[in-house]
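Read the structure below first, then the notes.
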Amino acid sequence: MDHLNLSEHVHRRYNPLTGEWILVSPHRSKRPWKGHLDTPATASRPPHDPACYLCPGNARAGGKVNPDYADTFVFDNDFAALQPAVAGSAPALMDTGGLMVARQETGICRVICFSPRHDLTLAEMDAPALVKIVDLWASQYAELGARNDINYVQIFENKGAMMGCSNMHPHGQIWAQQTVPDEPAKESHHQLAYFQRTGHTLLAAYLQLELEQDVRIVYQNKDFVVLVPFWAFWPFETIILPRRAVPDITALTMGEREQFADAIKQITVRYDNLFKVSFPYSAGLHQAPTDGSAHPAWHFHMHFYPPLLRSATIRKFKVGYEMLGGGQRDVSAEVSASLLKALPAVHFKAL
Ligand SMILES: [Zn+2]
Ligand SMILES: [Zn+2]
């Protein structure tokens, strides 16, 4: 059998976190990669928008008024997808022949404003402001996770109109619920199996390999590494991995929180610089379930799933083969990583 050449042969790559495979067709991106630059969007937003329901001092749905907050601000989502449990009532169930199965789900949805400034994004905030966000993520994970009716806390950001985000004010969300949802459940399963087999976390071992090979690393600091995962699906997908295997961000030291904030800054600035546009993405933390058990197999991390492919307007869609068969990409993870790595670490608006 021939030796597999990752930049020549069509191949499948395994995602050890989820057990899924990605089809990679590198020959289709043989032509030299040309990032197409649209005219950069120059329309700037005001620092405060009287019509924005997330800006300080403005009214939200139902008449609640935001305080005049100075850094971050968290509140229960006025249009929550999950509703808290009613004390004393058992969850309703339905099971018809094992084919129509439903179970009542309870939880809490919150919104986190990252900044009082309407016109900023994570990429444009300074390090101390980003540390405040990390601190809030940690305290929210601890507070919500401590509840008996919350077994998983999903913290995420959906950024940009392309991702269906309707409000450009810098903000993220928390959906905390009774059940561990599918994506982290898959990762729980695979991390546990690896830990039981080897005695160390899957991502610690994976990170070691990435550091040795050094072909998919975009940025690293003292405590964190940003890289394009070997099994990435989205063209410029990245993962932020802590060097120290901790199950959740409450275990980070103050120094590590600063380094985490720095890693977030470094990747979001590079993303904006790639096509000179405020880069859309869905990003979020994967942390251990909060079911009261210890989870030594869990190695917390942050995923970035950006849809853009070749320009500020040309995006990848998950359609056709990808909906019916499985994930596929042309540009290899190694090429994407080298493109991101080569970008300036200073935001294009600041140049
Ligand atoms: Zn606003
Ligand atoms: Zn994950």
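Tabulated data for the structure shown
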{"read-out": "Residue satisfying all of: in the range 238-250; touching a strand residue (DSSP E or B) at 6+ places or on another chain (Cβ under 9 Å) and open to solvent by less than 10 Å² (accessible area, probe 1.4 Å); nearest to ligand 2 (Cβ to nearest atom) among these", "value": "Ile239"}
{"read-out": "Count of the range 253-274 residues which are polar (S, T, N, Q) and open to solvent by 20 Å² or more (accessible area, probe 1.4 Å)", "value": "3"}
{"read-out": "Criterion (of a type outside the set (S, T, N, Q) and modelled with pLDDT under 95) met by exactly one of Ile239, Ile267, Ile314", "value": "Ile314"}
{"read-out": "Out of Glu183, Glu187, Glu105, sole residue that is under 15 Å from the mean Cα position of the chain (by Cα), surrounded by fewer than 16 Cβ atoms within 10 Å (Cβ to Cβ) and away from ligand 1 (no atom under 16 Å from the Cβ)", "value": "Glu183"}
{"read-out": "Test: His11 is within 16 Å of ligand 1 (Cβ to nearest atom), open to solvent by less than 90 Å² (accessible area, probe 1.4 Å) and modelled with pLDDT of 85 or more", "value": "no"}
{"read-out": "Residues located in the range 275-311, provided they are open to solvent by 20 Å² or more (accessible area, probe 1.4 Å), aliphatic (A, V, I, L, M) and touching a residue at least 60 places away in the same chain (Cβ under 8 Å)", "value": "Val277, Leu309"}
{"read-out": "Meets criteria (at pLDDT 95 or above, closer than 19 Å to Ile133 by Cβ and either within 16 Å of ligand 1 (Cβ to nearest atom) or among the acidic types (Asp, Glu) (or both)) for Glu256", "value": "yes"}
{"read-out": "Residue that is farthest from Pro296 (Cα to Cα) [pool: residues in the range 215-254 that are touching a Leu at 6+ places or on another chain (Cβ under 6 Å) and part of a loop (DSSP other than H, G, I, E, B)]", "value": "Pro235"}
{"read-out": "Test: residue in the range 314-322 that is within 27 Å of Gly160 (Cβ to Cβ), among the aliphatic types (A, V, I, L, M) and surrounded by fewer than 17 Cβ atoms within 10 Å (Cβ to Cβ)", "value": "yes"}
{"read-out": "The lone exception for Ala81 - which of (1) surrounded by 12 or more Cβ atoms within 10 Å (Cβ to Cβ); (2) touching a residue at least 40 places away in the same chain (Cβ under 8 Å) it fails", "value": "(1)"}
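The values are calculated or read from the model by the stated rules, or taken from the named source; none is laboratory data. Since this is a predicted model, take the numbers as computed values, not measurements. Positions of Cβ are generated from backbone atoms using ideal geometry, with glycine treated the same way; all protein chains shown enter the neighbour counts. Side chains are part of the model used for accessible areas, which takes the heavy atoms of the whole protein and leaves out ligands, DNA and RNA. Shrake-Rupley method; radii C 1.70, N 1.55, O 1.52, S 1.80 Å.
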